[in-house]
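Here is the structure we will look at, set down as C-alpha cells.
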Amino acid sequence: MKQTKLFTKTLKEVPKDETSYNAATLIRAGFIDKTTAGVYSFLPLGWRVLNKIKAIIREEMLAIEGQEISMPALSPKENWQTTGRWDDFDVLFKIKASDNKDYVLNPTHEEIVTPLVKKFVSSYRELPFSVFQIQTKFRNEKRAKAGLLRGREFLMKDLYSFHLNQEDLDAYYEKAIKAYENIFSRCGLKESTYLTYASGGSFSKYSHEFQTLSPAGEDLIYVCPKCQVAVNKEIIKEQNTCPQCGNKDLQEEKAIEVANIFKLGTKFSAPFALNFQEKEGDKKEVIMGCYGLGISRLLGAIVELCHDEKGIIWPENVAPYQVHLLSLNKNDKAEKLYQDLIACKTDVLYDNRDVSAGEKFADADLIGCPYRLVISEKSIKAGGVELKKRQDREGVILSLEQVVASFIKK
C-alpha cells in the first residue's frame, strides 16, 4: 500500500475526549475512528490488524474441531425469557420493532445457539461437537470507557461445545485452554497473559478468565509466581491460595480480561429441552461449554502493552504491515524495492508522500510496523537501505538484494 493512496491520515494531537491510551493512540495513528462513546469504526490499518487476529483465532478454533457458523445479531424476546435473562441481564440492548415485538441486540449467543442445535441433535451418535463464530456483539454499558477495552459494540469470538457427559466436557475444556494459550502467544501476549480462576456462578465451582497484566486493566488479580496462574479478586476470599499448588504468596496485579470460558453444564440445555437419547434409550440433557474471546478488546490490550513514548510496537503476527518503507528523496530505488518486496509477498506500507523526513519518521514510529526501511541519499552512499526494527534504537545498512532476501526468509 502506498501511503499516498491511504485515505486516512495521522493526527498530531491526542483526541480530547479519549482518556484511554489504546483508543487515543489508535485514533491518532489512523487505525480507528470514534462514532460515539463505546462505538468505533475500524479504518484500513485497524481492519488489517483485526483480520490478522481473526485469522489466528480461526486457525486455533478449527484445530480443536470447531465448526464455523454465523448467527444473527438480533434475537426475539422469547428466547431470553426462556432462560430468565430478559430481566436479569442488566446490559441487554432491548428494542421494539415495527411488528411491535421486542428484540435483543445479542451480547452473547447461548439463547440462539441452544435452540439452533436442538433442531439437529436427538441421539448420542450426534455428539460431541462444537461451533464458533466471529461476530459483532452489543452491550448497553452504563458508562462506556477505556476505549476498545469496554465498548457498547465490539467484535467477539464465541465457541459453544456440546457433550454427552461431564468427562467429555472436561477433556474438551482442557483443549480449549491450550488453544487460547496458543492464541495469546501468537498475538505477542504470552508472557503477560494468565489463566485466571474466577467464580463459576451458577455454572460450576470455577470458570476461567484470561487476564493480561496492564495498568489500564479494570480487574484485580492475584498471580502465583510458581504456577503462572492467577485468582480473580471476586473469589480471593474463598480461594486465598493458588488453586494449583496452594502457595499463599500471591502478587496483586491490575489486568485486562481478554477472554473467559465456562463449563455451562445444563444451564441452557435444560430450559430449551436440548436432550439426546442414550444408547440404552433413556433421555439426557446435553452438557454444554462456552468459550468467549474479545477480539477488538484484544487489539486494545496489545496496544496498551506494546508501545513506547513514540507510538505502537506491533507484534509481527498481527501488525498491519510487516515493513514501513520510507523514501526520503525521489528515486527509482525506493519504487523498485517496494515492487520487489511485494513480489516476495511481504506486506509493505510505502511512505511516498511529499512531506518532511521528520514527519515520516514520527508517523512510522506512531503506526508501529515491526520493520522500518529508509532509502535516502545517505543510505545509498553507505551501501543501500537502512533496516531498523521498531523497538531498536539503531539500524543497519543492507543492499537492496540483502533486504529482499531477508524478508523472503520470513
#### Entry: Pairs with Cβ under 7 Å, 6+ apart, first in segment 244-255 and of a type in the set (S, T, N, Q), second in a loop (DSSP other than H, G, I, E, B) and surrounded by 10 or more Cβ atoms within 10 Å (Cβ to Cβ)
Gln244/Cys227; Asn247/Lys226; Asn247/Thr241; Gln251/Pro225
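If you go through segment 199-219 one residue at a time, how many are under 19 Å from Leu298 (Cα atoms) and either among the polar types (S, T, N, Q) or surrounded by 16 or more Cβ atoms within 10 Å (Cβ to Cβ) (or both)?
Going through segment 199-219 one residue at a time, the tally reaches 10.
Are there strands (runs of 3 or more DSSP E) fully within segment 159-273 with at least 2 residues that are at pLDDT 95 or above, closer than 13 Å to Gly289 by Cβ and in contact with a Ser or Thr (Cβ under 8 Å, 6 or more places away or on another chain)? List them. Walk me through it before giving the result.
Values: elements: 193-199, 206-213, 219-224, 229-232, 251-265.
Counting at least 2 such residues, we get 251-265.
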### Task
Exactly one condition in (1) at positive phi; (2) over 20 Å from the mean Cα position of the chain (by Cα) is not met by Gly311; state its number.
(2)
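Kindly check whether there is at least one residue in segment 111-122 that is touching a residue at least 24 places away in the same chain (Cβ under 8 Å) and in a loop (DSSP other than H, G, I, E, B).
First, the residues of segment 111-122 that are touching a residue at least 24 places away in the same chain (Cβ under 8 Å): 111-118, 121-122.
The next check asks that each one be in a loop (DSSP other than H, G, I, E, B); those that pass are 121-122.
Among the residues of segment 111-122, at least one is touching a residue at least 24 places away in the same chain (Cβ under 8 Å) and in a loop (DSSP other than H, G, I, E, B), which makes the answer yes.
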### Query
For segment 32-59, which residues satisfy the criterion of being of a type in the set (A, V, I, L, M, F, W, C), in contact with a strand residue (DSSP E or B) (Cβ under 9 Å, 6 or more places away or on another chain) and not in a helix (DSSP H, G or I)?
Ile32, Val39, Phe42, Leu43
### Message
Can you pull out every residue in segment 271-299 that is crowded, with 20+ Cβ neighbours inside 10 Å and either out of contact with any strand residue (DSSP E or B) (no Cβ under 8 Å at 6 or more places or on another chain) or free of Cβ contacts under 8 Å to residues at least 12 places away in the same chain (or both)?
### Response
Phe272, Leu299
### Task
Kindly establish whether Ala382 is more than 23 Å from Ile32 (Cβ to Cβ), small (Gly, Ala, Ser) and surrounded by fewer than 17 Cβ atoms within 10 Å (Cβ to Cβ).
yes
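The values are calculated or read from the model by the stated rules, or taken from the named source; none is laboratory data. The model shown is predicted, which means the values in this text are computed figures rather than measured ones. Note: ideal-geometry Cβ built from the backbone for every residue, glycine included; neighbour counts use all protein chains shown.
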